[in-house]
Structure formats: C-alpha cells, structure tokens
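For reference, the structure is listed below as structure tokens.
The values are calculated or read from the model by the stated rules, or taken from the named source; none is laboratory data. Please read all numbers here as calculations on a predicted model, not as lab measurements. Note that each Cβ is placed from the backbone with ideal geometry, even for glycine, and that neighbours are counted across all protein chains shown. Calculation scope for accessible area: heavy atoms of the full protein, side chains included, ligands and nucleic acids excluded. Shrake-Rupley method; radii C 1.70, N 1.55, O 1.52, S 1.80 Å.
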Amino acid sequence: MRDFLPELLRGLVITLQVTAGGAVVAVIAALVAALARLYASAPWRWLATVYVELFRGTSALVQLFWLFFVLPHFGLTLEPMVVGIAALGLNVGAYGAEVVRGAIGSVGKGQWEAATALNLTRMQALRRIVLPQAFVAMLPPWGNLFIELLKATSLVSLITLSDLAFKAQQINQNTLRTAEVFSTVLLMYLGLSVLITLAMRALEARAARGLRRGRVT
Amino acid sequence: MAVQIWDWNHAAEALPLLAEASVITLQATLLGFLVALVVGLLFAIGRMAGPMALRMAVGGVVEFIRSTPLLIQIFFLYYVMPEFGLTLDAMPTGVLALGLHYGAYCSEVYRAGLANVPKGQWEACIALNLSAWTTFKNVILPQAIPPVVPALGNYLVALFKETPLLSVIAVLELMQTAKILGSETFRYVEPITLVGVFFLIFSLISAAMIRRVERWLNKRMGRRI
C-alpha cells in the first residue's frame, strides 16, 4: 500500500478542492434561488423554479457532461476543475434551495409580525430576525447535502480530473492490486464523510448556543 | 465557419438509438429498486432485531454504504468480485450495486416506519399468543409500510438518476449510448441534451405519480383509523 499511497493523496487534494469549491457554489446558489422563489418578482421566481426543477430532475452526471461537452460548442471552454465545481455546486444547490426555503418557512410568522411592529424593513427583518433562526434549522440537512456533494465529486474523474476516484482506476490498471486499492479509497471517502458529519455537529452546537444567547456566530 | 448550435437532423438520428437505450435504463432502474426494497428491509430488520453483534455489524455496513460514492462501489463490485471467483456481467453488477446502495438508504426509511408502530401493537399480539413472525408479517409490516411509501418513491427517482453511472462499466444505457453517438460524430450537444430531457420528463412524471400515491394512501389510511 505504501507505494500507491502518495498518488492517492494527490487525488485526495483534488477531491477536497472540488468538494470545498462545490460547497461554496451550492450554498450561494441555494440562498439566491430560495430567496428568489420566496420574495422576488414573478420572472425571477420562475427562473429560480426552473433552475431548481431542472437540476433536481436530471442526473448529476448528465449535467456534468453537458457542461463539459456542450459549452465548448458555444465557444466557452472551461477548465475541467471549473466545470466540475460549477456542475456539482449547481446540482447540490438546487436541493439546498428547497432546504433553505423550508427552513425560512419554519420560522414562526409572529417573528415577521414582531419585526413589522418594531418598524424594521422587510430586508432588515429577513437579515436580522428570520435568517439567523432559519440558519440553525437548515444546518442538519446541509450536513447531509455536503456528504452527497463529497460522494458526487467522484464523478469528476469522468471528465479527466485526477481526483481520488480517477487515481483509484489508474492505480488499479497499473498494479492490478484491485481489492487493496478500492478498499483504501472507500475508507478515505468514509473518513471524509465522518469529518463532515463531525464538523457540522460542532457548527450546530455552536449555532444553537448562539441563538439561545441572542446572537449567531 | 458558423457554429451550428442545434442540429435537428442529428437529433433525429440519435433519437431511435436513445429510445432503445432507455429500455436498458428503465430495466436497471426497476431491477435495482427491487433489490433495494428487499435488501433495505433485510438491513432494517437486521439493525432492529437479533443479537447485538449483528445489529452493530449491519449498522456499520449501512453507514459505510451511505458514506461512500456509488461510482467506487460499482468499480469495487466489478473489479474485486472476480478476484473472489464471482464474475458477473456488467448489467447484473450494475443492478447489484444500485440495489445495495439504495437498499442502505431504504433501510433507514423502513426503520422509521417500523419505529412508528406503537409498542402496544406488539404487546397486544403477545397477549393474543401470536408468534413473533406472524405478528411482524400480519400486524406490524402492514402498518409500517404504507406511511413510508412516498419516501421510498423518492429513492426510486434518485436511483433512476444514478443509472448513468453504469456507463462506466459499459452498460449500454442512455448515457453510454449518448457518449458513443457523440464520439462517432464529434457532436455531443444533441445526444447529451436529449438524455437530459429524457431524465427530466421521467422525473417529473414519477414525482407527480408519487404525489398521487401519497394522496391515495392518506385517504385510505384516514378511513381505516
């Protein structure tokens, strides 16, 4: 195992980069889409709905291939890394949009009314009152989505990015030590999933404490 | 040279082949889901009943399957099983991989359904002197399954959307066919877009169907209680 471990670790770095980049894209896309669906004017609302349904209704691999093979036809050739982060981030973001929407919906209506009574604008109420409370409610489902994202990053191996999954195939072909290689890689993914779960739990505990004290962070 | 973005002729040529391939995709989906339903129930029972060691082992397996990528699991089954003298064709391997992966997800759904049946039901059956198996089969399962049918249906759609992964072990489903078509003509736009449209249509239809089943079940359950 010692001879192929350095190669796998290089793959691990790519996997981590795609996961981190995808997570940032997913959170931003989810927030924008959810807020647009809830509060924006009709055309924006429709656009956000189309985005969510399109990305939830088709396959992540199809989306990845579409961006990778079709965009060059429009004269837009992107680095595989950028394509991977964009496709997976937008895919997970579409699921995340529903999580954000649900979390905002779970904040009591009285909170809006109280904010109105205090003469806050809608924007202030959303930013200061509603979102911080929704934030706590949406953390656990986001934890699940980040694990889905991590697992989905293995797909970037199919658009020539040399991530963990790619390295596993490569080493398997070169050494034929199949069971050893794939078991090691599966354990690495398991370890990353556990790390995500632990990090999200710590964040949840912190956010819940902050909310009780009257502030988040 | 002007770049033609969408070529209807090319799309029309691709369509019959993709329609053929969609049969394989649907077969893999249905067979895989069948395996998932059975495996999931076994996982759920193994995790809730039986000796402590078995429960922990099954729990570990379920968490492991859920935390690792399906793609690697497909590779693992396809390349590692032959080393243990078990060589399967690509399609059965793909169905097995999909079934095991989604079986792990479905087991959590079953578990929630089983946990929601009140304990008094078990106690009443003991009082009626029913055996554990009869109790489980005739009293517990009929109450545990209907409420979780919509959740199981969601996993059917999710499994369907993962079937393109089978293209990596050369199962001739939609994605693989689209890739072959693309590499023959160097035009990926039409085949891959059509595959996307196919998935979108199927997902929308099945989402609508799941909602109907849900309503129907609610009505039926409501009448019975």
Identify the residue in the range A:74-111 that is of a type in the set (V, I, T) and within 17 Å of the chain's Cα centre (by Cα) and, among all such residues, is nearest to A:T153 (Cα to Cα).
A:I85
Tally time: how many residues in the range A:7-59 are over 18 Å from A:S157 (Cα atoms) and of a type outside the set (A, V, I, L, M)?
14
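For the range B:1-107, give me every one of the helices (runs of 4 or more DSSP H) that falls completely inside it and has 1 or more residues that are out of contact with any helix residue (DSSP H, G or I) (no Cβ under 8 Å at 6 or more places or on another chain) and surrounded by fewer than 16 Cβ atoms within 10 Å (Cβ to Cβ).
On the way: elements: B:8-48, B:52-67, B:70-80.
Passing ranges, in order: B:8-48, B:52-67.
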Any idea how many residues of the range B:64-89 are acidic (D, E) and under 22 Å from A:V181 (Cβ atoms)?
1
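Just one of A:L190, A:L211, A:L131 is within 14 Å of another protein chain (Cβ to nearest Cβ) and either assigned to a helix (DSSP H, G or I) or surrounded by fewer than 21 Cβ atoms within 10 Å (Cβ to Cβ) (or both); which is it?
Working: A:L211 fails: within 14 Å of another protein chain (Cβ to nearest Cβ); A:L131 fails: within 14 Å of another protein chain (Cβ to nearest Cβ).
After ruling out the rest, the residue left standing is A:L190.
Working carefully through the options A:A60, A:A34, find the one that is within 14 Å of another protein chain (Cβ to nearest Cβ), open to solvent by less than 30 Å² (accessible area, probe 1.4 Å) and in contact with a helix residue (DSSP H, G or I) (Cβ under 8 Å, 6 or more places away or on another chain). Show your work before the answer.
Values: A:A34 fails: within 14 Å of another protein chain (Cβ to nearest Cβ).
None of the others qualify; the one that does is A:A60.
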All conditions in (1) under 21 Å from B:S206 (Cβ atoms); (2) aliphatic (A, V, I, L, M); (3) within 14 Å of another protein chain (Cβ to nearest Cβ); (4) surrounded by 20 or more Cβ atoms within 10 Å (Cβ to Cβ) are true of B:A158 except (4)
All but one of (1) assigned to a helix (DSSP H, G or I); (2) open to solvent by 20 Å² or more (accessible area, probe 1.4 Å) hold for A:L78, so report the exception by its number.
(1)
From the list B:L172, B:L204, exactly one residue is outside any helix (DSSP H, G or I) and open to solvent by 50 Å² or more (accessible area, probe 1.4 Å). Which is it?
B:L172
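With the requirement that a residue be in a helix (DSSP H, G or I), of a type outside the set (S, T, N, Q) and facing chain A (nearest Cβ under 10 Å), what does the range B:182-193 give you? Full working, then the answer.
First pass over the range B:182-193, keeping only residues in a helix (DSSP H, G or I): B:182-185, B:189-193.
If we keep only those that are of a type outside the set (S, T, N, Q) as well, we get B:182, B:184, B:189-192.
Selection gives B:G182, B:V189, B:E190, B:P191, B:I192.
Quick one: which of A:T153, A:T121, A:T160, A:T178 is at pLDDT below 95 and open to solvent by less than 20 Å² (accessible area, probe 1.4 Å)? Break it down into steps so the answer makes sense when it comes.
Values: A:T153 fails: at pLDDT below 95; A:T121 fails: open to solvent by less than 20 Å² (accessible area, probe 1.4 Å); A:T160 fails: open to solvent by less than 20 Å² (accessible area, probe 1.4 Å).
Result of the check over A:T153, A:T121, A:T160, A:T178: A:T178.
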Looking only at residues in the range A:137-155 that are more than 10 Å from chain B (Cβ to nearest Cβ) and touching a helix residue (DSSP H, G or I) at 6+ places or on another chain (Cβ under 6 Å), which one is nearest to A:V100 (Cα to Cα)?
A:M138
For the range A:167-176, what are the residues that are at the interface with chain B (Cβ under 10 Å from one of its Cβ atoms) and either under 26 Å from A:G21 (Cα atoms) or touching a residue at least 60 places away in the same chain (Cβ under 8 Å) (or both)?
A:A168, A:Q169
Looking at B:K179, B:K219, which one is part of a helix (DSSP H, G or I), closer than 30 Å to A:S154 by Cβ and open to solvent by 40 Å² or more (accessible area, probe 1.4 Å)?
B:K179
Are any residues in the range A:69-103 in contact with a Ser or Thr (Cβ under 9 Å, 6 or more places away or on another chain), among the hydrophobic types (A, V, I, L, M, F, W, C) and farther than 29 Å from A:V136 by Cα, and if so, which ones?
A:V70, A:L71
